[in-house]
Every structure is written in structure tokens, then in C-alpha cells.
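This report refers to the structure that appears directly beneath it.
The values are calculated or read from the model by the stated rules, or taken from the named source; none is laboratory data. Quick caveat, the model's predicted, so the values are computed rather than measured. No Cβ is skipped: glycine too gets one built from the backbone with ideal geometry, and neighbour counts run over all protein chains shown.
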């Protein structure tokens with residue numbers, strides 16, 4: 001039974017132009033032509049379109065289209081490779097989420113109030129000479145100078161460029177101090193931990209504004225529970241992607257097993 005473009009389009013709420021575009025892109029097999037030049041589709045085209053639309057939520061438009069094109073051109077190994085890549089990306093995102101959770105669980109509590117008052121009590125200016133050197137340190141009384149990290153080593157540790165860390169600073173992710181002698185940026189251990197979390201959040205798909213918001217909520221609350229709702233929503237999205245990959249695989253399997261489809 002011959003199907004018109006409108007027949008395929010109506011099933012999915014598409015336009016007939018979208019169906020023609022899918023054919024031209026190779027997502028659908030080439031259509032037969034009537035004696036008058038009109039496109040004539042068959043059940044195989046309907047199954048191919050269902051497979052493509054089922055693949056979209058899990059793989060995205062580009063990968064889903066590439067998978068169907070590979071199948072239609074007799075390149076099954078390429079199609080399977082693309083499918084494997086999507087599953088690998090999902091697995092990496094799951095690892096990233098787990099890493100963020102672990103980082104939050106091990107984030108040390110804020111302790112400025114406990115450490116700052118102790119400094120003046122110890123630094124008693126009983127001798128005149130040390131007083132000339134002490135003004136160089138008052139900005140960071142709670143952390144020893146040796147614990148500071150500069151932007152170069154920190155960027156190397158995160159696998160980023162120093163310019164990226166400066167961009168993150170402008171976006172409000174963290175505000176480093178400045179070395180009194182050199183003017184270089186210095187990061188405390190707590191700031192390093194926050195940037196490790198930021199790097200993981202960025203890899204997980206969060207924009208700079210959202211990442212800055214998460215870090216701000218964490219600092220304000222002083223406890224990882226402040227960002228648990230965000231991580232739960234992230235987990236839900238990963239679960240939805242995983243289920244979408246399964247649904248897409250089932251629809252593609254049906255297409256591959258269609259009587260007119262070349263066997264993989």
C-alpha cells in the first residue's frame with residue numbers, strides 16, 4: 001500500500017515538508033515515484049520514521065539522523081558505533097554526577113569564626129621588628145601562606161586554561177585573593193574544592209550562571225543538602241535519557257528486522 005507524505009506526517013504531527021527533508025537527509029530510504037512524479041512511501045518508510053523519532057530523545061537530532069543514515073546506506077558498524085557513543089556519554093554523565101555528590105559529601109564545613117579569633121591572640125606584638133612584616137598577611141589569617149594555590153597550578157590540576165578560571169571569576173563562581181607582593185591570584189583550599197565541584201558541574205551540562213548559583217547556595221547553607229534538589233533533578237534527567245535510549249533501541253530493532261531492511 002502506497003503512503004503519501006501527508007500520511008507519514010499526520011501520524012506524528014509533522015509537516016509534509018519535514019518528511020521530505022528527512023528523506024533528502026537520508027534518514028528515510030529513497031521513496032518510489034508515481035508515473036506523475038509524486039513520492040510514494042511504504043510501510044518500511046513509516047517504520048524508519050518511527051525509529052528516528054524514537055531515537056531523538058536519547059541521542060539527539062544529529063546522532064539519531066546519523067544512525068538512520070548509516071543503516072540506510074548499509075553501514076551497520078557505523079550505526080552501532082554511534083549508539084555506543086551515546087551510551088558512553090550517558091555513563092560518563094552518571095560518573096560526573098556521582099563525583100559531584102562525592103565532592104559535596106566531603107566538602108569541609110565553613111570554619112572562619114572558629115579560626116579567625118585565634119590569630120590576634122597568638123600574634124602579640126611584644127617585639128617591635130616583627131610588626132613591620134605582619135601587615136603583609138592580614139587578608140588571609142585563617143590559612144597558612146603555603147596552603148595558597150596560584151592560578152597556573154590550579155588550572156593545570158583542573159585541566160583548564162587560566163583564562164577559563166578568570167572567566168569563572170567574572171561569572172562569580174569564586175573570588176580569589178591577591179598576593180600582597182606580586183598581585184597574583186591566590187586560592188584557598190576551600191576555593192580549590194569549590195572549583196573542583198564547579199568543573200564537575202560544568203561537565204555535567206550546567207551553565208556558568210547555574211553553577212555559580214549552586215556554589216552560592218552551598219556556601220550560604222553551609223551544608224550539601226542545599227543542592228540536593230538540583231542533583232536529584234539531574235539524576236531524573238539521566239534516568240529519562242537512559243529510558244529513551246532503550247525505547248530508541250527497540251524501535252530501531254523493529255526497523256532493522258523489517259522484511260525489506262538489509263540485515264545487520
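Exactly one residue out of 45, 59, 12 is outside the structural domain of residue 201 (by TED's automatic domain parsing) and closer than 27 Å to residue 234 by Cβ: that is 59.
Is it the case that the stretch 76-91 has a residue that's more than 28 Å from the chain's Cα centre (by Cα) and in a loop (DSSP other than H, G, I, E, B)? Within the stretch 76-91, not a single residue is more than 28 Å from the chain's Cα centre (by Cα) and in a loop (DSSP other than H, G, I, E, B). What about residue 58, is it modelled with pLDDT of 95 or more, in contact with a helix residue (DSSP H, G or I) (Cβ under 8 Å, 6 or more places away or on another chain) and farther than 20 Å from residue 205 by Cα? No, not satisfied. Per the conditions (1) surrounded by fewer than 15 Cβ atoms within 10 Å (Cβ to Cβ); (2) on the phi > 0 side of the Ramachandran plot, the sole criterion not satisfied by residue 33 is (2). Going by what's in this entry, would residue 40 be described as in a strand (DSSP E or B) and over 17 Å from residue 64 (Cα atoms)? Yes; evaluated as a whole, the condition is true for this residue. Scoring residue 68 on the criteria (1) out of contact with any strand residue (DSSP E or B) (no Cβ under 9 Å at 6 or more places or on another chain); (2) assigned to a loop (DSSP other than H, G, I, E, B); (3) surrounded by 21 or more Cβ atoms within 10 Å (Cβ to Cβ) leaves a single failure, condition (2).
Taking the residues in the stretch 136-179 that are part of a strand (DSSP E or B) and under 22 Å from residue 218 (Cβ atoms) as candidates, determine which candidate is modelled with the highest pLDDT. Filtering the stretch 136-179 for residues that are part of a strand (DSSP E or B) and under 22 Å from residue 218 (Cβ atoms), the one modelled with the highest pLDDT comes out as 177. When only residues in the stretch 36-62 that are buried (at least 18 other Cβ atoms within 10 Å of the Cβ) and free of Cβ contacts under 8 Å to residues at least 60 places away in the same chain count, which is nearest to the chain's Cα centre (by Cα)? The residue in question is 52.
Applying the criterion of being free of Cβ contacts under 8 Å to residues at least 24 places away in the same chain and either part of a loop (DSSP other than H, G, I, E, B) or not assigned by TED's automatic domain parsing to the domain that holds residue 219 (or both) to the residues of the stretch 180-207, the residue that is nearest to residue 101 (Cα to Cα) is 206. Check the stretch 67-86 and report whether any residue there is farther than 26 Å from residue 243 by Cα and touching a residue at least 24 places away in the same chain (Cβ under 8 Å). There is at least one residue in the stretch 67-86 that is farther than 26 Å from residue 243 by Cα and touching a residue at least 24 places away in the same chain (Cβ under 8 Å). Restricting the stretch 1-28 to residues that are part of a loop (DSSP other than H, G, I, E, B) and in contact with a strand residue (DSSP E or B) (Cβ under 9 Å, 6 or more places away or on another chain), the residue that is surrounded by the fewest Cβ atoms within 10 Å (Cβ to Cβ) is 2.
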